[in-house]
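**Student:** Sharing a structure here in structure tokens format.
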Amino acid sequence: MPTKPDLIDVRDLSVHFGLRGGTLGRLVGRDAGVVRAVDGISVTLREGEVLGLVGESGSGKSTFGRALLGLAPATSGTIGFDGADLTSMSRSELRALRQSIQMVFQDPSAALNPSMTVAEAVGDALRVHGMKSSVERRERVVEALERVGLSPVQLFLDKYPRDLSGGQKQRVVLARAIVMGPRVLVADEPISMLDMSVRAKILQLMLDLKQDLGLSYVYITHDLASAKFFCDRIAIMYLGRIVEIGDTEEIFANPRHPYTKALLRAAPDPDPARAVAKDLPRGEVPDAAVPPLGCSFHPRCPEAVAQCGWEARDLRTLLETHWTRRTPEEYDAESAAVGSLDALARPDTSVHVGRGGADAVRSILDRIRDEEPDEPLWRGVADVTDDGAGVRVDFHPGVDPALRRAGGVDVACVLYPDDSPDDSAGG
Amino acid sequence: MAALRRVLRALATPFTQTAGLGRWMLVIGLVITGIFVLLAIFAPWIAPYGFAQASADGVDFPKAGAPSGEHWFGTDRLLFDVMSRTIWGARTAIEVVILSILICVVIGVPLGLVSGYYGGWLDRVLLLVMDALFAFPSFLLAIVFSFLLTDLFGGSVLAVAMSLSAIYIPQYYRVVRNTTVSAKEATYVEAARAIGAKDGVIMRRYLFGNVIQSVPVIGTLNAADAILTLAGLGFLGLGIQSTDAAEWGHDLNRALADAGAGVWWTGLYPGLAIVLLVTGLTLVGEGLNETLNPTLRKRRLLPVVMTTREDR
Ligand SMILES: Nc1ncnc2c1ncn2[C@@H]1O[C@H](COP(=O)(O)OP(=O)(O)OP(=O)(O)O)[C@@H](O)[C@H]1O
Ligand code: SF4
Ligand SMILES: [Mg+2]
């Protein structure tokens with residue numbers, strides 16, 4: 001199969017949101033920091049392709065999708081479309097561009113103005129782009145509604161969203177998206193709010209539309225099963241980065257990134273209508289405002305090695321989980337020896353712990369290690385030395401793995417040799 | 001066709017969705033208000049004489065004449081027929097109220113929309129100004145404005161309506177601004193942006209229809225207050241003069257001197273008119289409030305219709 005030409009070419013795109021610190025915080029000049037919702041993504045969308053973006057909540061999928069329409073401002077990087085860079089376009093250029101790139105939203109009930117009829121809602125897309133004649137608009141609206149399977153059209157034209165079912169509303173949203181004849185649809189979880197019974201129908205409709213209108217899709221989802229059914233290529237996202245990207249078959253047959261493996265284990269159900277992530281990797285998605293050092297997946301990674309970016313906060317998590325399994329008496333004794341964990345709140349690679357004597361702290365750490373010798377954190381500990389009333393734990397320096405070629409896919413993980421000449425380490 | 005059905009449905013909602021007390025308040029309020037509106041519209045035909053008519057067929061009316069077959073509500077010291085003035089007074093009151101609501105909507109709603117949509121310094125400045133206006137004692141504000149505006153426009157209905165608007169604009173502004181602030185976060189606004197709509201279009205076609213819904217309630221609730229303020233201004237001798245239009249407050253002011261002389265009819269009827277209309281409007285306002293305010297609304301139970309899956 002000859003490779004199709006690139007339609008959208010995203011290079012090192014970052015979208016950061018400033019956190020609004022409280023008024024007090026701003027007064028005392030405290031920097032509230034930023035959320036790195038999208039943090040250095042490079043990807044291309046080819047003509048006629050369905051590109052899937054898969055990841056847990058908060059991985060930046062929606063923000064990336066909104067950035068493709070210029071709805072979320074890019075902090076850095078470029079988005080090439082038709083030879084132009086979307087990130088440097090003026091507002092009116094962006095508005096014109098939206099005839100070519102359109103969006104389908106997750107919640108069809110929220111995406112339609114409650115005080116507009118179906119005909120008005122779909123027709124408004126034409127109206128804002130200067131189609132004055134209401135007769136002409138009506139014609140195009142009817143055509144679009146027929147395409148999305150809302151027939152007999154006359155029955156729907158003057159209905160309000162509240163009179164329609166979820167599936168019908170999503171069809172209206174699709175009609176509004178295609179009525180201007182776009183080339184790309186960004187579909188942000190288009191089926192996740194719908195009834196099980198209509199999910200497959202809407203996906204099938206989207207495939208039909210792609211066929212008939214020559215569309216390309218960016219399909220955003222947190223559900224791998226529907227992605228497997230729908231996508232040509234899949235990008236797995238984690239904390240604003242792409243950690244693995246490749247052809248759908250290859251990703252499913254041979255997942256390489258530990259996060260992808262975990263996601264696949266969690267959702268073994270091939271039926272797109274049923275799969276729900278059941279058993280995601282241990283721990284929670286870290287705060288995107290202060291991401292982990294090194295590989296941002298390392299606190300949850302079962303395969304992590306020494307250079308994955310181990311740091312003070314991981315030790316804190318380890319101690320805290322350890323204590324949840326202790327009796328109150330044991331906890332009191334151990335926490336007295338270890339002292340406050342506040343020193344472990346920052347991303348440091350060399351930390352001091354303990355106030356009850358070096359030996360006491362050392363023996364607690366040894367005990368934790370003996371209980372679970374396979375805990376990946378220990379692979380990252382370079383040295384434990386006596387330091388005053390406690391010990392100093394030194395971690396191996398971490399590396400932030402860039403995407404590299406491995407088999408048929410690109411993966412961002414140190415377990416795969418980085419021999420690509422490309423040095424586009426995002427960030 | 002569809003628009004007509006929409007309007008009819010909107011008009012019927014208050015009745016279909018209220019029950020018990022709320023509905024009765026609304027009905028009684030509407031009846032009372034309706035009577036005054038009819039009086040206002042048909043004043044020239046209903047009132048036996050003009051509001052500034054002191055004679056008929058070349059014969060002067062009696063001075064402060066007691067109620068009689070000729071003059072059911074009697075006459076006042078300026079020889080005017082009290083019944084005619086009371087009826088014509090309804091016209092003035094309704095005119096002023098409608099005009100001032102119009103001014104409020106035309107100024108308050110766009111200001112609220114723009115302020116809530118754009119936010120930033122514009123929003124903060126407008127909020128400050130409106131809050132200051134709102135915090136000012138409202139009657140005092142009306143007095144100040146009617147002094148200023150009567151200088152400009154004379155003691156006309158327009159001038160009085162404008163000075164009343166100054167009191168109520170902050171309320172319209174605030175309600176519209178606050179609903180806009182929350183409505184602009186809705187996905188359908190983002191969707192409008194996604195199809196390429198300009199800010200103006202988003203405000204006009206997407207936000208306006210959804211933030212305007214609280215305006216009728218503020219309108220009716222303020223209408224009662226506006227009648228009282230109008231009468232208050234008239235009572236102080238400000239605003240509309242006797243020969244320009246019949247105004248109840250102004251008539252009350254002139255009736256003050258009569259009360260001691262046993263002439264009760266010059267004060268009773270305009271006073272009664274004020275009380276009735278204010279009651280009517282308050283009932284409508286409260287009834288509407290109860291209907292349109294979802295936290296208070298008690299919907300009647302509707303039968304649940306199950307659709308089969310295939311129908312979806
Ligand atoms: N407008 C915004 N202002 C500040 N932070 C934001 C904004 N939009 C998104 N974020 C933050 O950016 C991160 C990514 O959000 P995003 O909505 O893109 O994730 P997502 O992958 O779409 O998640 P979900 O599956 O829940 O939809 C989150 O931490 C979110 O809190
Ligand atoms: S680099 Fe690879 S092995 Fe290391 S933590 Fe990240 S995913 Fe796991
Ligand atoms: Mg999302």
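**Student:** Direction-averaged shadow area of the convex hull around the Cα atoms of region B:47-166, nm²?
**Tutor:** Details: hull surface 39.3 nm².
It is 9.8 nm².
**Student:** Measuring from label point to label point, each 7 Å out along Cα→Cβ, what is the residue A:19 to residue A:264 span in nm?
**Tutor:** Going by the 7 Å Cα→Cβ label model, 3.5 nm.
**Student:** In square nanometres, what is the average projected area of the Cα convex hull of region A:358-422? Display every interim value, and only then the final one.
**Tutor:** On the way: hull surface 24.0 nm².
It is 6.0 nm².
**Student:** Mind listing the Cα extents of region B:168-247 along all three principal axes, in Å, largest one first?
**Tutor:** Sorted largest first, the three principal extents are 59, 20, 15 Å.
**Student:** Subtract the Cα-Cα distance of residue A:158 and residue A:89 from 0.36 nm times their separation in residues, and report this length gain in nm to one decimal. Write out the running numbers ahead of the final one.
**Tutor:** Details: separation 69, 0.36 × 69 = 24.84 nm, distance 3.65 nm.
Stretched out fully, the residue A:158 to residue A:89 stretch lengthens by 21.2 nm.
**Student:** Place a +1 charge on the Cβ of each Lys and Arg in region B:2-311 and a -1 charge on the Cβ of each Asp and Glu, then give the dipole magnitude about the Cα centre in debye, rounded to the nearest 20.
**Tutor:** Working: 22 positive and 21 negative charges, 282 e Å.
With only Lys, Arg, Asp and Glu charged at Cβ, the dipole is about 1360 debye.
**Student:** What angle do you read, to the nearest 10 degrees and between 0 and 90, between the alpha-carbon axis of helix B:21-41 and the longest principal axis of chain B?
**Tutor:** Roughly 50 degrees between the two axes.
**Student:** Rounded to the nearest 0.05, what FRET efficiency is calculated for residue A:207 and residue B:45 with R0 set to 60 Å and r the Cβ-Cβ distance?
**Tutor:** Working: r = 71 Å, r/R0 = 1.18.
With R0 = 60 Å, the Cβ-Cβ based efficiency is 0.25.
**Student:** Now, a different point. For a quick check, take a GNM of chain A with Cα springs below 10 Å and name the residue from A:315, A:71, A:155 with the largest mean-square fluctuation.
**Tutor:** A:155
**Student:** In percent, what relative contact order does chain A have, based on Cα pairs under 8 Å that are 6 or more apart in sequence? If you can, show how the numbers build up before the last one.
**Tutor:** Working: 812 pairs, mean separation 65.3, N = 427.
The value is 15 percent.
**Student:** Next question, about the same structure. Given an 8 Å cut-off on Cα distances and at least 6 residues of separation, report the relative contact order of region B:147-232 as a percent.
**Tutor:** Working: 36 pairs, mean separation 28.2, N = 86.
Relative contact order for region B:147-232 comes out at 33 percent.
**Student:** Considering all alpha-carbon pairs of region A:92-197, what whole percent are spaced by more than 18 angstrom? Can you show the working numbers first?
**Tutor:** Values: 2498 of 5565 pairs.
Here the long-distance tail beyond 18 Å is 45 percent of all Cα pairs in region A:92-197.
**Student:** In a GNM of chain B with a 10 Å cut-off on Cα contacts, which of B:138, B:55, B:68 has the highest mean-square fluctuation?
**Tutor:** B:68
**Student:** On to the next question. For the pairs A:169/A:261; A:61/A:210; A:228/B:184; A:201/B:184; A:210/A:261; A:132/B:198, note any where the Cα-Cα span goes beyond 27 Å. Write down the numbers at each step before the final one.
**Tutor:** Details: A:169/A:261 35 Å; A:61/A:210 21 Å; A:228/B:184 35 Å; A:201/B:184 31 Å; A:210/A:261 30 Å; A:132/B:198 16 Å.
Listed pairs above 27 Å: A:169/A:261; A:228/B:184; A:201/B:184; A:210/A:261.
**Student:** If you don't mind, there's one more thing I want to ask. Given the options A:292, A:172, A:191, identify the residue whose Cα lies farthest towards the positive end of the charge dipole of chain A (+1 on Cβ of Lys, Arg; -1 on Cβ of Asp, Glu).
**Tutor:** Of A:292, A:172, A:191, it is A:172.
**Student:** Convex hull volume of the Cα atoms in region A:310-395, per residue, in Å³?
**Tutor:** Numbers: hull volume 6.8 nm³, N = 86.
In region A:310-395, the Cα convex hull volume per residue is 79 Å³.
**Student:** Report the FRET efficiency, 1/(1 + (r/R0)^6), for residue B:158 and residue A:143, where r is their Cβ-Cβ distance and R0 is 60 Å, rounded to 0.05. It would help to have the intermediate numbers written out before the result.
**Tutor:** On the way: r = 51 Å, r/R0 = 0.85.
The pair residue B:158/residue A:143 has a calculated efficiency of 0.70.
**Student:** Same structure, new question: Convex hull volume of the Cα atoms in the protein assembly as shown, per residue, in Å³?
**Tutor:** On the way: hull volume 182.9 nm³, N = 739.
Per residue, the Cα convex hull of the protein assembly as shown comes to 247 Å³.
**Student:** Take chain A, connect every pair of alpha-carbon atoms lying under 10 Å apart with a spring to form a Gaussian network, then pick out the residue of A:103, A:89, A:180 with the largest mean-square fluctuation.
**Tutor:** Most flexible of the set in this elastic network: A:89.
**Student:** Report the one residue of B:93, B:61, B:288 whose Cα lies farthest in the direction of the positive end of the charge dipole of region B:2-311 (charges on C-beta: Lys and Arg +1, Asp and Glu -1; origin at the Cα centre).
**Tutor:** Value computed over the given set: B:288.
**Student:** Based on alpha-carbon centroids, what's the gap between region B:149-201 and region A:310-384 in Å, whole number please?
**Tutor:** Rounded to whole Å, the Cα centres lie 60 Å apart.
**Student:** Averaged over B:205-214, how many beta carbons belonging to a partner chain fall within 10 Å of each residue's beta carbon? Intermediate values should be presented prior to the final figure.
**Tutor:** On the way: counts 7, 6, 2, 1, 4, 4, 0, 1, 1, 0.
Partner Cβ neighbours, averaged per residue: 3.
**Student:** Moving on. Relative to the compact-globule scaling 2.2 N^0.38 Å, provide the ratio for the alpha-carbon radius of gyration of chain A.
**Tutor:** Values: Rg = 25.3 Å, N = 427, 2.2 N^0.38 = 22.0 Å.
Working it through for chain A, the quotient is 1.15.
**Student:** Then there's this: Treating only the Cβ atoms of Lys and Arg (+1) and Asp and Glu (-1) as charged, compute the dipole magnitude of region A:310-395 about its Cα centre; round to the nearest 20 debye. Provide the component values of the computation, followed by the final result.
**Tutor:** Values: 11 positive and 20 negative charges, 39 e Å.
That gives region A:310-395 a dipole magnitude of about 180 debye.
**Student:** Sticking with this structure for a sec: How big is the charge dipole of chain A about its Cα centre, in debye rounded to the nearest 20, if each Lys and Arg gets +1 on its Cβ and each Asp and Glu gets -1 on its Cβ?
**Tutor:** Working: 50 positive and 63 negative charges, 382 e Å.
Computed about the Cα centre, the dipole is about 1840 debye.
**Student:** Ok, one more. Report the equivalent ellipsoid semi-axes for region B:2-311 in whole Å, largest first, defined as the square roots of five times the eigenvalues of the gyration tensor built from alpha carbon atoms.
**Tutor:** 43, 25, 15
**Student:** Take residue A:346 and residue A:384, extend 7 Å from each Cα along the Cα→Cβ direction, and tell me the distance between the two endpoints in nm.
**Tutor:** 2.4 nm
**Student:** What FRET efficiency comes out for residue B:198 versus residue B:4 if R0 is 45 angstrom and r is the Cβ-Cβ distance? Round to the nearest 0.05.
**Tutor:** Details: r = 30 Å, r/R0 = 0.67.
FRET efficiency, residue B:198 to residue B:4: 0.90.
**Student:** Placing +1 on the Cβ of each Lys and Arg and -1 on the Cβ of each Asp and Glu in chain A, which of A:238, A:160, A:88 has its Cα farthest towards the positive end of the resulting dipole?
**Tutor:** The Cα lying farthest towards the positive end belongs to A:160.
**Student:** Hey, another quick one. Using helices alone, I'd like the mean residue ellipticity at 222 nm for chain A: each DSSP H run of four-plus residues gives -39500 (n - 2.57), total over residue count, nearest 500. List each step's numbers first, then the result.
**Tutor:** Numbers: 16 runs with 147 residues, N = 427.
Calculated at 222 nm, the ellipticity per residue is -10000 deg cm²/dmol.
**Student:** Quick one: length gained pulling residue A:405 to residue A:229 fully straight, 0.36 nm per residue minus the C-alpha distance?
**Tutor:** Working: separation 176, 0.36 × 176 = 63.36 nm, distance 2.45 nm.
Answer, rounded to one decimal: 60.9 nm.
**Student:** Just need the relative contact order of region B:2-311 here, percent rounded to a whole number, with Cα pairs under 8 Å and 6+ apart. Each step should come with its number before you reach the end.
**Tutor:** Working: 438 pairs, mean separation 83.6, N = 310.
For region B:2-311, the relative contact order is 27 percent.
No value in this document is a laboratory result; all are computed from the given coordinates. Keep in mind that what you see is a predicted model, and the values were worked out from it rather than measured. Neighbour counts run over all protein chains shown; Cβ positions are idealised from the backbone, glycine included.
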